[in-house]
């Protein structure tokens with residue numbers, strides 16, 4: 001198979017081949033009727049070298065741009081609605097952008113250990129919480145039952 005600028009390839013190895021992952025994300029895996037050439041996929045990846053999802057979002061945008069030139073038509077019972085495909089790729093681009101924006105995000109748990117919690121409480125440069133466990137306890141009330149943290153809660 002001679003490779004030129006109009007060639008589209010898919011090796012079905014998206015876990016190993018970033019170009020295949022971009023094609024898979026946008027659904028452009030049928031090389032016989034591919035929307036994007038290999039050169040166009042590589043351009044998307046060059047524009048977004050740190051994120052395959054952002055490259056896929058860019059690819060979806062390129063496909064939408066190509067589809068925007070197509071028109072809807074009907075002739076008798078035959079109807080072709082090109083705007084549905086365009087809308088799909090515009091929505092896909094937005095969806096991939098959202099996925100890429102949280103890619104690599106990791107929640108952070110602070111004060112997991114007692115030592116971390118005490119250190120955080122003593123650090124005056126940190127914003128202190130407005131609420132703390134036991135803040136409503138009244139040691140002057142003399143009511144040991146109400147202040148007992150092990151007492152059952154009744155309603």
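None of the figures in this text is laboratory data; all of them are computed from the coordinates on show. Not measured: the values here are computed from a predicted model. Cβ placement follows ideal geometry from the backbone for every residue including glycine, while neighbour counts extend to all protein chains displayed.
Just a few scattered comments:
- Residue that is under 24 Å from the mean Cα position of the chain (by Cα) and touching a residue at least 12 places away in the same chain (Cβ under 8 Å), where the choices are 26, 7: 26
- Qualifying residue in region 108-129 (condition: on the phi < 0 side of the Ramachandran plot and within 16 Å of the chain's Cα centre (by Cα)): no
- The listed residue being out of contact with any strand residue (DSSP E or B) (no Cβ under 6 Å at 6 or more places or on another chain) and in contact (Cβ under 8 Å) with a residue 40 or more places away in the chain, out of 54, 70: 54
- Matching residues, region 73-105, being touching a strand residue (DSSP E or B) at 6+ places or on another chain (Cβ under 6 Å) and either in contact (Cβ under 8 Å) with a residue 24 or more places away in the chain or on the phi > 0 side of the Ramachandran plot (or both): none
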